[in-house]
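The values are calculated or read from the model by the stated rules, or taken from the named source; none is laboratory data. All values reported here derive from a predicted model rather than from experimental measurement. Ideal geometry is used to build each Cβ from the backbone, glycine not excepted, and the neighbour counts take in all protein chains shown. Note: accessible area is taken over every heavy atom of the protein model, side chains too, but ligands, DNA and RNA are not part of it. Shrake-Rupley method; radii C 1.70, N 1.55, O 1.52, S 1.80 Å.
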Amino acid sequence: MNKKIALIGNQNCGKTTLFNALTGSSQHVGNFPGVTVEQKRGFIKKHKDEFELIDLPGIYSLSPYTSEEIVSIQFLLEEQPDLIINIVDATNIERNLYLTMQLMELNIPIILVLNMMDEVISSGNCIDIDGLKERLGMRVVPISASKNEGIEDVITAIEKTLENPGRHLDLCHGPVHKAIHSISHIVEQKAHILHLPVRYCVTKLIEGDEDMFKTLDVNDNDRHIIEHILEGMEQESGTDREAALVDMRYSFIEEVCYYCVFTECETKEQVRSEKIDSLLTHKYLGIPIFILIMLMIFYLTFYLIGAPLQDLMDNLIGMISQNIIQLLEHYHVAYWLRALIGDGILAGVGSVLSFLPVIVILFFFLSLLEDSGYMARVAFVMDKALRKIGLSGRSFVPMLIGFGCSVPAIMATRTLSSDRDRKMTIVLTPFMSCSAKLPIYGMIIAAFFPRKAAIVMITIYCIGILVAIISALLLKSTIFLGEPVPFVLELPAYRIPTIKNVVLNVWDKAKDFIHKAFTVIFIASIVIWFLQSFNFTFDMIEDSSQSILAAIGSFVAPIFKPLGFSDWRASTALMTGITAKESVVSTLTVLTQAATTTSLNNALATIFTPLSAFTFLVFTVLYMPCIAAFAATKRELGSWWQAISTVLFQTGMAYIVAFVIYQIGSLFL
């Protein structure tokens, strides 16, 4: 049987980086809380199909209050791994060891991995590794995960610990020590029957965990005895039971650090971070600086770097498509099949693929910001602003992920401890412009606003954010009454982004984009071509205005007339956009039979005016997300009615905002 190894640690301690180094996995690495929402599994490279490594969410304790803590403790208790790798930030070892103390109560073999030891050493500080081993009763391995240093030592420690697990030391003392051992005698037999660690059960009882009382089926008589023991502990310690337990753990941690951790000064990274934060997290300058950084990224992505690369990609795709069509004509392939391949598949898929350079460049810059630790600062800076609209800074994390894709963003709301905050964030997150909408922006901007690309882009993004703010104010006063939960965030030290992490992140986004182009967009292009090439008697037609699709689109088109775009092709593109937002581009390309970007731009000018094109963009960024995001919404909210209400609210807001912009714009233009 496989040996199960759990990888656990505080957030921002390098846990996922170690997971990637041990398994060779391409899992995304992030510097903000919530990146690891679910368990991630992989096999250690040196022991393939033998040692299975499970990457648990980053947590600070085993008190089951947040979703991450619940996932972690359920796994540790129910699946009972053979070994725990507890990764610790060596630059902040005292805080990290609190989780270690709780893990020791589970009676599972542990390896303590000290990450970022290179920063400790470079700052002139020192940690007595042998002293830690002796005082904690476990193997201790110093590493630098980002530099791939010490990884082989971790594997060796895994092998030795699985062969000879050893036993943890009994680290409790004082009044708590007596209480733990007294209560252990009462619940020990029931804990063994349920295959639960006795020490863990007792500490949960001391903390007043009602679920543990029910799990152990503690009768009234035993409960009275336990209460009497805890009252004696409180009198002797001079504090309440939970505080006494915490004090005992920290007093031991302080003793360990006193003898084993020698700190002369803060690390260079910590000093550097404090200086940078004095500007980037400034009370008044923090948000304007973030907006300027994003504006610069959009300028580089859509104008300075992205536009030339997109032109090259478009020319390459056009050349390949032309050669394929010529080859089909040379072999006298049937007209309908040539039309399907040329006007349907190649035009639809090619129009989306031409935006691949823009996707890659944008996520390259966002990955740099994320890997450097800056995105965690943005969450901190945004907390005060978000509280005014009924959310906390923690909600910014899923919203930030939403700029990449709404599906993982909606799933990331599991990290929110408040059910109110979680549901409210799910409703608002799709207003953040996901990467699937970038091809639509690129298409419209190239046709109508080529010289104002960056300004239009930042405006579209800001409209999405502004609508989210207005929606939040409306929802917190009606449906989601109450206050957001307190926001606690550890700011990681600024670090130079690692090329490996950035490349893996960009590759994941590019791979997903390409996969979608050759699956969802491929199928959608075929369906759109068929519907616009045949009438209801299934006769092939030359005039697409007489097609099945034209009839469907014409039926829906009047709804959008107040928004400025009543052409059936525009309404049809919006309908297909529900399957995948990139389908809007492929649909318009197929319907206009545009072979090049220039011909597409000319065709779009017959469908939109500059004003209606802008309102089309606004509606696109705000209306209901794709089917995959809708499914994620239903799964997280747990109700079809709530999911349908959510997308109706989002689409309603899209219609109202686009209507207002078009009607006001019509007065001046």
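With respect to the conditions (1) within 30 Å of residue 491 (Cβ to Cβ); (2) touching a helix residue (DSSP H, G or I) at 6+ places or on another chain (Cβ under 8 Å); (3) of a type in the set (Val, Ile, Thr); (4) in contact (Cβ under 8 Å) with a residue 12 or more places away in the chain, residue 289 lacks only one, and its number is (4). Residues that are open to solvent by 60 Å² or more (accessible area, probe 1.4 Å), assigned to a loop (DSSP other than H, G, I, E, B) and more than 16 Å from residue 592 (Cα to Cα) are absent from region 548-570. Is it the case that residue 254 is outside any helix (DSSP H, G or I) and closer than 20 Å to residue 91 by Cβ? No; evaluated as a whole, the condition is false for this residue.
Of everything in region 501-535 that is of a type in the set (Phe, Trp, Tyr) and within 15 Å of residue 356 (Cα to Cα), the residue that is modelled with the lowest pLDDT is 513. Could you check, for region 433-447, whether at least one of its residues is free of Cβ contacts under 8 Å to residues at least 24 places away in the same chain and either charged (D, E, K, R) or buried (at least 19 other Cβ atoms within 10 Å of the Cβ) (or both)? Within region 433-447, not a single residue is free of Cβ contacts under 8 Å to residues at least 24 places away in the same chain and either charged (D, E, K, R) or buried (at least 19 other Cβ atoms within 10 Å of the Cβ) (or both). Scanning region 157-181 for residues that are open to solvent by less than 50 Å² (accessible area, probe 1.4 Å) and in a helix (DSSP H, G or I) yields 157, 158, 159, 161, 162, 174, 175, 176, 179, 180. Only residues that are open to solvent by less than 40 Å² (accessible area, probe 1.4 Å) and assigned to a loop (DSSP other than H, G, I, E, B): list them for region 209-238, please. Passing the criteria: 209, 216, 218.
Filtered by the rule that a residue be closer than 15 Å to residue 581 by Cβ and either open to solvent by 50 Å² or more (accessible area, probe 1.4 Å) or at pLDDT below 90 (or both), region 632-655 gives a lone residue, 632. Restricting attention to region 189-203, the residues that are out of contact with any Ser or Thr (no Cβ under 9 Å at 6 or more places or on another chain) and closer than 22 Å to residue 246 by Cα add up to 3.
Condition check ((1) open to solvent by 40 Å² or more (accessible area, probe 1.4 Å); (2) out of contact with any Asp or Glu (no Cβ under 6 Å at 6 or more places or on another chain); (3) of a type in the set (A, V, I, L, M)) across all residues:
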| residue | (1), (2), (3) |
| --- | --- |
| 482 | yes, yes, no |
| 508 | no, yes, no |
| 537 | yes, yes, no |
| 541 | no, yes, yes |
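Cβ separations smaller than 9 Å between residues 6+ apart or across chains give the following pairs from region 561-587 residues that are under 17 Å from residue 630 (Cα atoms) to residues that are among the basic types (Lys, Arg) and open to solvent by 20 Å² or more (accessible area, probe 1.4 Å): 580/516; 582/516.
The set of residues in region 387-417 that are modelled with pLDDT of 80 or more, aliphatic (A, V, I, L, M) and in a helix (DSSP H, G or I) comprises 399, 410.
Here the condition is being open to solvent by 10 Å² or more (accessible area, probe 1.4 Å), modelled with pLDDT of 90 or more and under 18 Å from residue 62 (Cβ atoms); of 104, 117, it holds for 104 alone. Pairs, please: C-beta under 8 Å, at least 6 apart or cross-chain, first residue farther than 13 Å from residue 600 by Cβ and in region 340-367, second not in a helix (DSSP H, G or I)? So the pair list comes out as 349/518; 361/305; 363/404; 366/403; 366/404; 367/497.
Of 578, 661, all but one fail to be under 16 Å from residue 431 (Cα atoms), surrounded by fewer than 20 Cβ atoms within 10 Å (Cβ to Cβ) and of a type in the set (A, V, I, L, M, F, W, C); the exception is 578.
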